[in-house]
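These notes are about the structure you will find just below.
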Amino acid sequence: MDEEYDVIVLGTGLKECILSGLLSVNGKKVLHMDRNKYYGGESASITPLEDLYKKFSFASPPEEKMGRGRDWNVDLIPKFLMANGQLVKLLISSGVTRYLEFKSVEGSYVFKKGGNVYKVPSDDKEAVKSSLMGIFEKRRYRNFLLYVNDFNEEDPTTWKGLDPNKSTMREVYAHFKLDSNTADFTGHAFGLHRDDEYLNEPCLDTLQRIKLYSESLARYGKSPYLYPMYGLGELPQGFARLSAIYGGTYMLDKPIEGFVYDDNGAVCGVTSGEIGRASCRERV
């Protein structure tokens with residue numbers, strides 16, 4: 001096959017599939033190739049289970065107690081999606097949600113020192129009943145959440161005397177008289193910070209994280225997290241379907257043997273054993 005394309009995309013990871021989908025929608029002739037037999041690259045969902053065992057070179061096949069291999073979709077990089085995050089907005093604006101099914105996660109929980117597990121409140125009733133905070137702390141926390149929801153980086157009147165680019169998150173907690181347990185819960189359950197370094201950093205990033213959590217929670221109610229019904233591998237496949245609908249060509253299990261260069265030394269195509277040579281007009 002000696003054919004010319006506008007763009008050749010190698011690998012079917014999420015970024016690559018988003019790129020090929022958007023380029024196809026904008027009228028580009030796209031060839032998308034992957035050496036693997038499945039979509040997704042490092043963000044794939046492997047099924048059946050036997051393929052996962054082969055990928056990681058397990059010595060023996062799955063045990064019978066694991067059930068049918070087709071009942072498994074194992075994410076290589078498991079993640080949740082924020083319901084009001086940029087990726088979900090991109091899925092909606094591009095129309096890719098037509099090819100996907102999502103499930104709202106039932107709830108989220110936090111583990112605190114002492115071995116106790118608490119549900120993160122998702123509405124007013126759960127907040128009142130929650131033992132995460134006392135009554136007076138809940139009132140202070142309510143004022144803090146109102147501040148976060150009203151906060152606008154571009155409007156200094158919403159800063160309440162705190163400079164988001166200079167005031168640390170530790171100073172914000174102190175301003176609202178929140179205790180250390182509440183600060184710990186907020187930074188890790190809402191802000192999703194992995195450690196406490198954020199306490200000594202400007203508060204802007206954390207305030208934006210908490211606001212995103214709150215907006216995502218308000219969107220569907222039970223929790224701020226969404227998950228594709230059949231695994232995260234559905235995301236790149238959704239954009240791949242979008243590309244195919246607009247004329248994109250996909251080839252899986254097609255490793256690249258080499259690159260073709262023009263007179264200036266720039267890549268202008270690829271070669272692969274079964275397809276021969278494919279050239280491209282543009283480089284990304």
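The values are calculated or read from the model by the stated rules, or taken from the named source; none is laboratory data. Computed from a prediction, not measured in an experiment: that's the story for all the values here. Neighbour counts run over all protein chains shown; Cβ positions are idealised from the backbone, glycine included. These area figures cover heavy atoms from the full protein model, side chains too; ligands, DNA and RNA do not enter into them. Shrake-Rupley method; radii C 1.70, N 1.55, O 1.52, S 1.80 Å.
Roll a 1.4 angstrom probe over the protein heavy atoms and tell me the percent of accessible area of segment 180-284 that is carbon or sulfur.
Roughly 47 percent of what the probe reaches on segment 180-284 is carbon or sulfur.
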Tell me, how many Å apart are the Cα centres for segment 154-188 and for segment 213-284? 41 Å
Quick one: the Cα spread of segment 74-230 along its three principal axes, in angstroms, biggest first? 47, 40, 30
Which value, to two decimals, describes the C-alpha radius of gyration of the chain once divided by 2.2 N^0.38 Å? 1.28
Probe 1.4 Å, all protein chains present, accessible-area order of Arg70, Arg170, Arg194, largest first: Arg194, Arg70, Arg170
Cα-based Rg/(2.2 N^0.38 Å) for segment 1-148, rounded to two decimals, is 1.53
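Output the Kirkwood hydrodynamic radius of segment 78-166, Cα pairs only, in Å rounded to one decimal.
The Cα-based Kirkwood calculation yields 16.7 Å.
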Lys, Arg +1 and Asp, Glu -1 on Cβ, resulting dipole of segment 86-190 about Cα centre, debye, nearest 20: 360 debye
Hey, what do the phi angles of segment 176-187 turn into as Karplus ³J(HN,Hα) couplings, whole Hz, using 6.51/-1.76/1.60 and θ = phi - 60°, x for Gly and Pro? 9, 6, 8, 7, 5, 5, 5, 4, 4, 4, 5, x
With everything on Cα atoms, drop me the angle between helix 234-245 and the longest principal axis of the chain, reported from 0 to 90° to the nearest 10. 50 degrees
Could you name the lysines whose alpha carbon sits less than 16 Å from that of Lys129, not counting residues in the same chain fewer than 8 places away? Lys119, Lys138, Lys222
Top to bottom by accessible area (1.4 Å), largest first, where do Lys65, Lys177 land? Lys65, Lys177
Can you give the accessible area of Phe58 in Å² (nearest 10), computed on protein heavy atoms with a 1.4 Å probe? 110 Å²
Candidate lysines - alpha carbon under 18 Å from Lys254, same-chain residues fewer than 8 apart omitted: Lys37, Lys55
Taking all protein chains together and a probe of 1.4 Å, list Trp72, Trp159 from the most accessible to the least accessible. Trp72, Trp159
Projecting each Cα onto the charge dipole of the chain (Lys/Arg +1, Asp/Glu -1 at the beta carbon, about the Cα centre), which of Thr158, Met133, Leu226 comes out farthest on the positive side? Met133
If every Lys and Arg gets +1 and every Asp and Glu gets -1 at its Cβ, then about the Cα centre the chain yields a dipole, in debye to the nearest 20, of 1060 debye
Would you grab the residues whose amide H sits under 5 Å from the one on Glu201? Only those 5+ places off in sequence or on another chain, please, with H modelled 1.01 Å from N. Met169, Arg170
Per residue value of the accessible surface for the chain (all protein chains in place, 1.4 Å probe), Å²: 59 Å²
Solvent accessible area, Å² - His188, 1.4 Å probe, full protein context: 60 Å²
Alpha carbon centroid spacing (whole Å) that separates segment 7-29 from segment 57-112: 22 Å
Once the mean 1/r over all distinct Cα pairs of segment 132-209 is inverted, what Kirkwood radius in angstroms do you read off? 12.6 Å
For Lys166, give me every one of the lysines with a C-alpha distance below 23 angstrom, ignoring sequence neighbours fewer than eight places off in its own chain. Lys177, Lys211
At q = 0.17, 0.20, 0.21 Å⁻¹, what is the base-10 log of I(q)/I(0) for segment 238-284 according to the Debye formula with one equal point scatterer per Cα and no solvent? Please give it to two decimals. -0.62, -0.80, -0.85
Heavy atoms only, probe 1.4 Å: what % of the accessible area of segment 62-114 goes to carbon and sulfur, would you let me know? 54 percent
So how much accessible area does Arg209 have, in Å² to the nearest 10, using a 1.4 Å probe? 90 Å²
For segment 206-284 the mean separation of alpha carbon contacts under 8 Å (6+ apart) over residue count, i.e. relative contact order in percent, is 13 percent
